[in-house]
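Student: Below you'll find the structure I mean.
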């Protein structure tokens, strides 16, 4: 059955205001709620990657993350914890000091990041966030082929440690996002888990002429397609709805 990753944003500028948390008490309450609703992992980030966003300094990102990481590990020592960062030094510190289990790297990594993954043994979400030139699916496959070879050369046990993320919304037009979603199952050729991060993304609200606040029903629709196309993880703001979607799709698949 597919697993659910709940999003905790320690940023003042994430694209959906409802996902932002700014203090320790809110972090603990939000994580407790997500776990009670059925989240399998928590993904915490201190750097918004929304289009047009201003990137904080490495120091500022770490200052945002530290109180949330402290709160989560003190209150939920055994929760599967992912850190959403593309900065190798931050990723390494989070794994070593707060026992982060997973590095969620939205920009697909650098040799330094791959060395961190190999050295820490953390799981690694490899995201395709490159600007599309022609055929999005062909380019996605080519990107993953190349990066997986680099990870192996860096000493990463790809079969056990890597999760693939198509990177919905990163460097892709509206049409390209849906082309990828419709053919996401082609990622099965790699034999690796696939994470789909579609929650309240602009590919929903731009298409429908709504706001991120109104995009929960559309998110459920997109997550349903992603699951039918082989997603093993859903990264979401709204855990209950994602859990329900997983159960319905699993029942459907069990009765084919």
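The values are calculated or read from the model by the stated rules, or taken from the named source; none is laboratory data. A quick note: this is a predicted structure, and the numbers were derived from the prediction, not measured. Note: ideal-geometry Cβ built from the backbone for every residue, glycine included; neighbour counts use all protein chains shown.
Student: If you go through segment 204-216 one residue at a time, do you hit one that is under 23 Å from residue 102 (Cα atoms) and either at pLDDT 95 or above or surrounded by 14 or more Cβ atoms within 10 Å (Cβ to Cβ) (or both)?
Tutor: No: zero hits.
Student: What number goes with the only condition from (1) touching a residue at least 12 places away in the same chain (Cβ under 8 Å); (2) within 20 Å of residue 2 (Cβ to Cβ) that residue 217 does not pass?
Tutor: With (1) touching a residue at least 12 places away in the same chain (Cβ under 8 Å); (2) within 20 Å of residue 2 (Cβ to Cβ) applied to residue 217, the lone miss is (1).
Student: Among 180, 141, which is over 22 Å from residue 114 (Cα atoms) and modelled with pLDDT of 95 or more?
Tutor: Just one listed residue meets the conditions, 180.
Student: Only one of 151, 174 is farther than 21 Å from residue 185 by Cα and modelled with pLDDT of 95 or more. Can you tell me which? Let's see the steps before the verdict.
Tutor: On the way: 174 fails: farther than 21 Å from residue 185 by Cα.
Sole residue among the options that is farther than 21 Å from residue 185 by Cα and modelled with pLDDT of 95 or more: 151.
Student: Still on this structure, I have one more. Would you confirm whether any residue within segment 24-47 is at pLDDT below 85 and touching a helix residue (DSSP H, G or I) at 6+ places or on another chain (Cβ under 6 Å)?
Tutor: The first filter runs over segment 24-47 and keeps only residues at pLDDT below 85, leaving 47.
Pick out the ones that are also touching a helix residue (DSSP H, G or I) at 6+ places or on another chain (Cβ under 6 Å) and you get 47.
Yes, segment 24-47 contains at least one residue that is at pLDDT below 85 and touching a helix residue (DSSP H, G or I) at 6+ places or on another chain (Cβ under 6 Å).
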